[in-house]
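Report on the following structure.
The values are calculated or read from the model by the stated rules, or taken from the named source; none is laboratory data. Small disclaimer: the values here were computed from a predicted structure and weren't measured. Cβ sites come from the backbone with ideal geometry, for glycine too, and all protein chains shown count toward neighbours. Note: areas computed on protein heavy atoms with side chains; ligands, DNA, RNA excluded. Shrake-Rupley method; radii C 1.70, N 1.55, O 1.52, S 1.80 Å.
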Amino acid sequence: MDEATLRRILAFAHPAWMIGSLALAVFTARLGLEIRRRRRVGEPIGAALRARHLAFGRRTLGLVAAGFVLGAVSMVGLRERALLDSFHGVLGVIVAGLFAWTGWSGRALARGDQEARDIHRLAAAGAIAFSAVSAIAGFVLLP
């Protein structure tokens, strides 16, 4: 396998990683929405559901952070372009910030700060929505 072929294959590592991260984020959001639904109808939430949501949330944040770094490495190392030389890169910074905000507000919720609930919900929704837009914007960067 020559270097050009290897670089082309490696160029798909970041997109594949981020699609997996986005799928996990959606799954985690579904768990969060189930918590919200149970709270609204007065059903017990249960420690197991809350623990699953927290565990998957932490995994999602870790995958997104690693994917953000992979994107930067891919842009500079594989595509030989400046770090924020695309709309996708700028959206990536926004997405990373929204996921960080989601994690921060989720941590506050886990520690009992119920005022963080609305912030957490909005940050998570924004993170997933901007992730989808960022994915679409990234199509032009594919080899």
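Brief remarks on what is shown
- On the chain, 68 percent of the accessible area sits on carbon and sulfur atoms, based on a 1.4 Å probe.
- Surface exposure of region 27-143, expressed per residue as accessible area with a 1.4 Å probe, stands at 60 Å².
- Packing-based ranking, highest mean first, of 130-137, 98-105, 35-42 given that Cβ atoms within 10 Å are counted: 98-105, 130-137, 35-42
- Of the residues 128, 94, 45, the one that moves most in a GNM of the chain with alpha-carbon contacts below 10 Å is 45.
- Sum of -39500 (n - 2.57) over DSSP H runs of 4+, divided by residues of the chain (222 nm, nearest 500): -27000 deg cm²/dmol
- Trypsin sites (Lys or Arg not before Pro) within region 81-143: DSSP coil, no more than 14 neighbouring Cβ in 10 Å: 81, 111
- q = 0.12, 0.13, 0.14, 0.25 Å⁻¹, region 67-143: log10 I(q)/I(0) [Debye, one scatterer per Cα]: -0.40, -0.45, -0.51, -1.05
- Relative to the longest principal axis of the Cα atoms of the chain, the long axis of helix 117-138 lies at roughly 20 degrees.
- Angle in degrees between helix 47-73 and the longest Cα principal axis of the chain, rounded to the nearest 10: 20
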